[in-house]
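Notes to accompany the following structure.
The values are calculated or read from the model by the stated rules, or taken from the named source; none is laboratory data. Model, not experiment: these values are computed from the prediction. Because the Cβ atoms are built from the backbone with ideal geometry, glycine has one as well, and the counts that use them run over all protein chains shown. Side chains included, ligands, DNA and RNA excluded: accessible areas come from the protein's heavy atoms. Shrake-Rupley method; radii C 1.70, N 1.55, O 1.52, S 1.80 Å.
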Amino acid sequence: MIFSSLVFLFGFLPFALLGYALAARLGFRSGTVWLIFASLVFYGFWAPYLIVLIAVSIAFNYAVSVAIRRNAGSPPRQSALLWLGVGCNLAALFYYKYAFALLAWFEAQGLHVNAGAFADIVLPLGISFFTFTQIGYLVDCKDGVTKNDNLLDYLLFVTFFPHLIAGPIVHNGDLMPQFADPANRALKAVNLAPGLTLFILGMVKKVVLADPLAGKIAMGFTDAANLKLAGAWVTAVCYSFQLYFDFSGYSDMACGLALMFGVRFPANFNSPYKARSIIEFWQRWHMSLTRYLNQYLYNPIALAARRARIARGLPMTRKALSTPAAFVPMVAWPTLATMGLAGVWHGAGLQFLIFGLLHGAYLTINHAWRMYGPKSADGERARLRRLLSVIWQVALTYLAVLVGQVFFRAASVGQALDLLAGMTGLHGLFAPGAGAAVGSKLVQVQALLGLAPDDYKRCVKLAIFFAMAWFLPNSLQIMAAAEPVIGVKVQPAHSLLQWRPSWRWALATGALGFLAVMSLGGTTEFLYFQF
Amino acid sequence: MTKDEVLSQLVAMMRDYFDDEDLVLTRESTAEDVVEWDSLSHVNIIAGVESTFGVRFAISEIENLKSVGDLVELVAVKKGIA
């Protein structure tokens, strides 16, 4: 079910909330059981057979987690169980996500592997997310961080519908203490009001801002080979804002829903286009994924490299680690490996691998610049120079991200390269035969640049979007009074834009909600549902 | 070994790592207090602590070590210091 659909808004959500209010009165366990039941209804709404799949996945992982904990006295056996669990999870993910693409690729190379037999595999909704959640849980069990053996608690942790399909990727330690606290076990106005407000802010971003861009982007990417300079840029920038508002909207809605039920999720999205470096970008974009990758991929790889260095008796001071000979194995390798895998996690296809490696390269350069580049002394600079350097850093970061997003969206590497070629002017600046266009100056200029007749409106819209992304406080800052998420400290918004439980805010939120519901067109999926 | 000794050995290791003899660290110090203690240095420090004290950290433990005090406590647990 999609958050921004009528059946969710007016059917499922009231049903889930009311049922929870009643069940929570009956007792602690009833509330848990109700949330699990509602979450499975949510998950299986369009395709009930998917419930079987997620049930198998949960049963398997629960069994492994119990086995890991029961063998606390024998670390080697625990490790073997952990690897078995992680291996099976990855194998399932591979089967559903990559098997067909890989076999089809082999066939295209002339090998006969009968890829057709795998063509009917449908990617189960949210499998990338619930697989990651559960792998993290198994590692936590092995490390002795989680000790709770209760099946209902585990079911609730994995299936809780606000994060089930596209995150935020949660830790057991984030959620379980909150679910266990009886104070959270009831519907309360103090949670419902800010939760609903955050949800509506997210819905506006999704249906009013992101969705209307979809048509132009689909056309642009399909036609990438023929786009002139201006058209290629409009397409790419439109996509960068569709993705921005779609994912920001999704994250707000997920965090808002959780808050309605008295639970705070880890932050997922914090004005990423304000980032002044790629390192900072990843601290603001899909933050729960960054945290996950850091913890379960980057740290183990990086730590292994350092342990190996120590074992060889090499020095571990900052200076010694700054030599190029140390930089490659200690920084470049863990970063590229982590981001390459992060890219592939998003989907089968070389374009995702390139997206990941590109960001790995960006991050490596960013780290190298911090180590070897000129040391800036912010305090000593004149204000104007400081401002210029901020503008330059934000612009360069955005540009680097934009290039990555072209690969992220494209159907193939070729399509991405076509669009990038258009953006660098390789397809020319002007459309041939544009002189024949009749109409106002505006129409003629647009035709000359190879733009569609209404693209000037889109350009105005994009300018407004840039201003919003750069200068407006984000929803976490607006909702700061309610502390809607955990794990991040934000500067609260200016008092005029600061949410308060007041009539004025209730009316404004109601109007926004009305606008969003009226804008619900043919409901489109969230972009992150495909991962 | 006492927790205070863990702390002083840890501070000595950090001074060595950051190449800064004047570095002042207390239990309350966090990565935010030391300009050069970024995500990269964090892994380096963790590896340094492992070899200094002969302990090994688990994957799930590393992210939660946010302050010098956290490091001291975890090392103490691993070394069996009350």
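Worth pointing out:
- Dipole axis of chain A (+1 Lys, Arg; -1 Asp, Glu on Cβ), positive-most option in A:488, A:169, A:518: A:488
- Share of carbon and sulfur in the accessible area of chain A stands at 70%, probe radius 1.4 Å.
- Where A:32, A:290, B:52 fall by accessible area, highest first, once all protein chains stay in place (1.4 Å): B:52, A:290, A:32
- All other residues whose Cβ lies under 15 angstrom from that of residue A:25 are scored, Lys and Arg at +1 and Asp and Glu at -1, for a net of +3.
- Residue-normalised accessible area of the protein assembly as shown, expressed per residue, 1.4 Å probe, Å²: 45 Å²
- FRET efficiency, residue B:21 to residue A:388 (Cβ-Cβ, R0 41 Å, nearest 0.05): 0.65
- Accessible area of residue A:69 in the full protein assembly, 1.4 Å probe (Å², nearest 10): 40 Å²
- Exposure of residue B:66 as accessible area (Å², to 10), given a probe of 1.4 Å and all protein chains: 120 Å²
- Rounded if a/c under 1.5, otherwise prolate or oblate - region A:136-176, Cα gyration tensor axes: oblate
- Note on exposure: A:459, A:141 ranked by accessible area (1.4 Å probe, complete protein assembly) read A:459, A:141, with the most exposed listed first.
- Among the trypsin sites (Lys or Arg not before Pro) found in region A:89-158, those both in a DSSP coil and sparsely packed, with 14 or fewer other Cβ atoms within 10 Å of their Cβ, are A:147.
- Relative contact order of chain B, defined on C-alpha pairs under 8 angstrom at six or more residues apart (%): 44 percent
- Nearest-0.05 FRET efficiency for residue A:55 and residue A:517, computed from C-beta distance (R0 41 Å): 0.75
- Entry note, region A:259-305: relative contact order of 29 percent, from Cα contacts under 8 Å with a spacing of 6+ residues.
- Distant-in-sequence amide contacts of residue A:265, defined by a placed amide H-H separation under 5 Å and a gap of 5 or more residues or a different chain, comprise A:486.
- Cα gyration tensor shape for region A:373-530, rounded if a/c is under 1.5, else prolate or oblate: oblate
- Positive-end residue of A:364, A:96, A:5, charge dipole of the protein assembly as shown with Cβ unit charges: A:5
- Charge-dipole axis of chain A as Lys and Arg at +1 and Asp and Glu at -1 on Cβ define it, positive-most pick from A:59, A:399, A:247: A:399
- Ranking by accessible area, most exposed first, for A:206, A:319 with a 1.4 Å probe: A:319, A:206
- Dipole magnitude of the protein assembly as shown about its Cα centre (Cβ charges: Lys, Arg +1; Asp, Glu -1), debye to nearest 20: 460 debye
- Length-normalised contact order for chain A - Cα pairs under 8 Å, 6+ apart - percent: 18 percent
- Buried solvent-accessible surface, both chains (A, B), 1.4 Å probe, Å² to nearest 100: 2100 Å²
- Spin-label pair residue A:83/residue B:77, simplified geometry with 7 Å Cα→Cβ offset, distance in nm: 2.6 nm
- When exposed loop sites are taken as GluC sites (Glu not before Pro) in a DSSP loop with at most 11 other Cβ atoms within 10 Å, the longest stretch of chain B clear of them is B:29-82.
- With all protein chains modelled, accessible area of residue B:26 [1.4 Å, Å²]: 70 Å²
- Region A:100-108 - phi-based ³J(HN,Hα) in whole Hz, Karplus 6.51/-1.76/1.60, Gly and Pro as x: 5, 4, 5, 5, 4, 5, 4, 5, 5
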